[in-house]
Structures are given as structure tokens and as C-alpha cells.
Amino acid sequence: MKFGIFLPNGSNGYIISNAIKPYLPTFEHNRDITVEAEKQGMDFVLSMMKFRGFGGDTGYWDACLESFTLMAGLAGVTKKIGLIPSIALLSQHPAYVARMIATIDDISDGRCSLNIVTGWNKPEYTQMGLWRGDEYYDQRYQYAADYLTILQDLWKNGRTTHKSDFFNLDDCSCLPTPGREIDIVSAGMSPKGVEFVAKHAGHNFIMSPTAKVKEISESVKAKGKKYGRDVGTYALFQIVAAQTDSEAFEYGDHIINEADKGAIANIIGSAELDSNTSGTSDHLKAALTLGLEEGNMAFMGMPVICGSYETVAQKIDNIAEETGVDGMLFSWPDFVEGTKDFGQKIMPKLKCAN
């Protein structure tokens with residue numbers, strides 16, 4: 001079982017609530033989290049990428065540190081932990097991304113992977129003139145597969161000629177190469193997303209209640225086997241832990257009660273434009289009515305593992321046993337202290353960590 005952290009490189013991390021004092025993302029904060037995660041024996045950190053936030057009272061995600069630059073900086077201050085930057089596909093040409101990954105992989109001595117983000121939030125790209133039209137909602141996994149083909153050809157061979165409906169590369173060079181196969185992850189939850197991961201990635205990461213996590217995990221593994229590939233799932237959770245169950249649940253409920261309704265409305269407004277069903281956007285829309293542990297929108301739709309340190313450890317073990325996931329990706333209301341508490345007070349109690 002691998003454990004990772006969903007870094008807060010966007011404003012306020014993954015809490016959409018006035019219960020948390022708004023904060024801007026900084027390298028210092030993300031560095032402290034990553035160094036602590038490495039110290040506590042965690043396996044990887046992943047940073048997202050957002051080009052336009054959702055405002056509201058808290059300015060949710062209005063500021064965002066660029067994912068590749070951040071990971072390059074973190075590579076220089078760590079030695080073992082895995083680093084996963086995110087590429088929002090419409091924002092960069094694959095030949096440029098291939099070179100950035102090769103560079104970060106060199107800086108980190110072979111610790112860099114890549115998260116593929118197909119992109120459902122139309123306003124992010126229309127502001128830059130990069131939106132490919134609303135037909136992209138249905139084409140985006142085809143586009144992603146084409147994009148990834150170019151990346152992998154450049155990483156393997158250092159050059160490629162590639163002509164398709166989306167790209168036209170003529171003896172395109174990208175040297176040096178990483179000299180190894182780069183691991184790919186993607187947040188594939190919809191049927192199209194699961195199919196993409198099964199064909200092209202090593203893992204998907206998903207934010208769903210336990211029953212749905214099991215369903216998606218089993219589906220992606222089964223589909224991967226059809227293509228002769230070993231594919232797995234990382235499940236996303238927020239952790240709200242305290243000395244007692246009552247203290248943790250009280251704090252979790254307080255976050256929901258103080259939800260930033262303006263920012264949440266803006267997120268849902270963008271999600272409703274997405275015609276790709278049963279994916280992240282549908283989950284976010286449904287999360288408006290979900291409870292704390294199911295993944296209320298105050299927690300960005302992520303299920304919350306809530307309770308005392310002992311209770312949280314038991315719940316993590318139960319989730320691991322029930323779902324068969326390969327790993328979990330966490331966030332906290334307070335990342336540095338949450339990471340430290342996870343390593344010192346929760347991880348030693350985990351059966352699935354041994």
C-alpha cells in the first residue's frame with residue numbers, strides 16, 4: 001500500500017469553507033509538507049494545476065503555483081519521495097512537456113511521474129484562447145491518448161514524426177531522454193476515463209465513497225488485464241483526525257457548516273457544462289448533498305476519514321481491505337501537522353502499511 005499527499009499548491013488546499021483561514025500557496029509551505037512526508041516514510045506527492053479559480057469569500061484556487069516548476073524545486077530539497085506534477089493537456093504542447101519531465105526526472109534522479117489532466121473546466125481555457133470547442137468534452141480522452149503517444153515516443157526514442165487529427169510533428173527532437181519508462185496516472189472515474197487508464201496509465205486516482213471505489217478499482221484492473229497491463233487505483237481522501245472521535249467530527253461538521261457557497265456554486269456551474277457522464281464533474285454535482293464521510297463539497301467532494309487517530313487507522317485498514325486499492329492520496333485541513341500526525345500517530349497502527 002502506497003501513501004501520497006495531494007499538495008495544496010492552489011489557494012486553501014482542498015477545503016472550500018470559511019472555517020479555514022484563506023491562504024495563498026507558497027513554495028515554503030509545499031516544501032515543508034513534502035520534506036515532512038519524506039521524513040514520515042510516505043511514498044509520493046502530487047500537485048495539481050488550475051489556471052482560473054472559483055472565487056467566493058475564500059478566493060478558492062484563485063492562486064496556483066505552477067506544477068512543473070514546483071516539482072523541480074521540490075526535487076532539489078528531497079532525496080527519496082516520488083514527485084508527480086500534473087499536465088492540463090490543453091495548456092502545453094506534448095514536446096515541451098516531454099522535455100520538462102525529462103528535466104525534473106534528471107534533477108530528482110529518477111523520481112518523476114506524470115498526472116494526465118484532460119480538462120473539464122472550460123473557463124480555464126477560454127480565457128487563454130485554448131479551448132478546442134465544446135466537442136472537446138467528448139473527444140478529450142482521444143486527445144489524451146494521442147498526446148501520451150507523443151510523450152512516450154519522445155521519452156523512448158528522443159524524436160518522433162506524428163501526424164493525427166490533433167498534432168503534426170515532423171522529426172521532432174527531445175533530448176536528453178529520461179532513460180526509463182515514466183509512470184503515468186490519471187483521474188479516470190468515468191467509463192471513458194477508466195478505459196483510458198486501462199490502456200495507457202499505471203494508476204487512476206479517484207474520489208468516491210468506498211463502495212464506488214471498489215467498483216472502479218475492480219473495473220480498471222479487469223480492463224487493464226484485457227490489454228495485458230497491470231493497472232491499479234489510488235483513492236483520494238481527506239483526513240480529519242483528533243484525540244477523540246467527537247472532537248474530529250465536531251471539527252468536520254464545522255467545516256461543512258461554514259462552507260463557501262459562492263465558490264462551490266462556481267465549481268458546480270463549470271461542472272454542469274461537462275457532457276462526459278459519470279466522471280469527476282458528475283461526482284462534484286452530487287457532492288452538494290453528501291455527508292461528511294461520503295465527501296461533501298466543503299471538502300471538494302473528497303470522502304473524509306474522520307475520527308480519533310486509532311479510529312482513522314482502523315478505517316484506513318477497512319477501506320484497504322474492502323476496495324483492494326494500491327494506495328491512498330491524502331489531504332488535511334492543516335497539511336504539515338496532518339502529515340506529521342499521520343506518520344507518527346496513524347501509520348504505526350496500520351496493518352495495510354506493513
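Here are some notes:
- The three principal axes of the Cα atoms in region 11-137 give end-to-end lengths of 42, 42, 18 Å, sorted in falling order.
- In a DSSP loop and with at most 15 other Cβ atoms within 10 Å, the GluC sites (Glu not before Pro) in region 138-215 are GLU181.
- Distance violations [Cα-Cα > 18 Å] among LYS192/LYS226; LYS315/LYS349; LYS156/LYS192; LYS79/LYS349: LYS156/LYS192; LYS79/LYS349
- Between GLY110, GLY119, GLY179, the GNM of the chain built on Cα springs shorter than 10 angstrom shows GLY179 fluctuating the most.
- For the chain, calculated [θ]222 nm from helices alone, where every DSSP H run of n ≥ 4 adds -39500 (n - 2.57): -12500 deg cm²/dmol
- For region 2-349, the residue among ILE182, SER164, VAL35 whose Cα projects farthest onto the positive side of the dipole built from Cβ charges is SER164.
- Qualifying aspartates and glutamates (Cα of each under 17 Å from Cα of LYS261; at least 8 residues distant if same chain): ASP57, ASP62, ASP253, GLU272
- Leading residue at positive end of dipole, the chain (Cβ point charges), from GLY291, TRP120, PRO85: PRO85
- Using the Karplus relation 6.51 cos²θ - 1.76 cosθ + 1.60 with θ = phi - 60°, the per-residue 3J(HN,Hα) values for region 47-52 come to 10, 8, 9, 9, 9, 8 Hz, with x marking Gly and Pro.
- Cα-centre dipole for region 2-349 with unit charges at Cβ (Lys and Arg positive, Asp and Glu negative), debye to 20: 920
- With only Cα atoms counted, the chain has Rg and Dmax values of 19.3, 62 Å.
- Unit charges on C-beta of K, R, D, E only; dipole of region 109-177, Debye: 180
- For region 173-180, 3J(HN,Hα) per residue [Karplus equation, 6.51 cos²θ - 1.76 cosθ + 1.60, θ = phi - 60°, Hz, x = Gly/Pro]: 9, 8, 10, x, 8, x, x, 7
- Only Lys, Arg, Asp and Glu carry charge here, each on its Cβ (+1 for the first two, -1 for the last two); on that basis region 1-86 has a dipole of about 180 debye about its Cα centre.
No lab work stands behind these numbers, since they all come straight from the coordinates. What you see is a predicted model; the values in this text were computed from it and never measured. We place every Cβ from the backbone using ideal geometry, glycine too, and count neighbours over all the protein chains shown.
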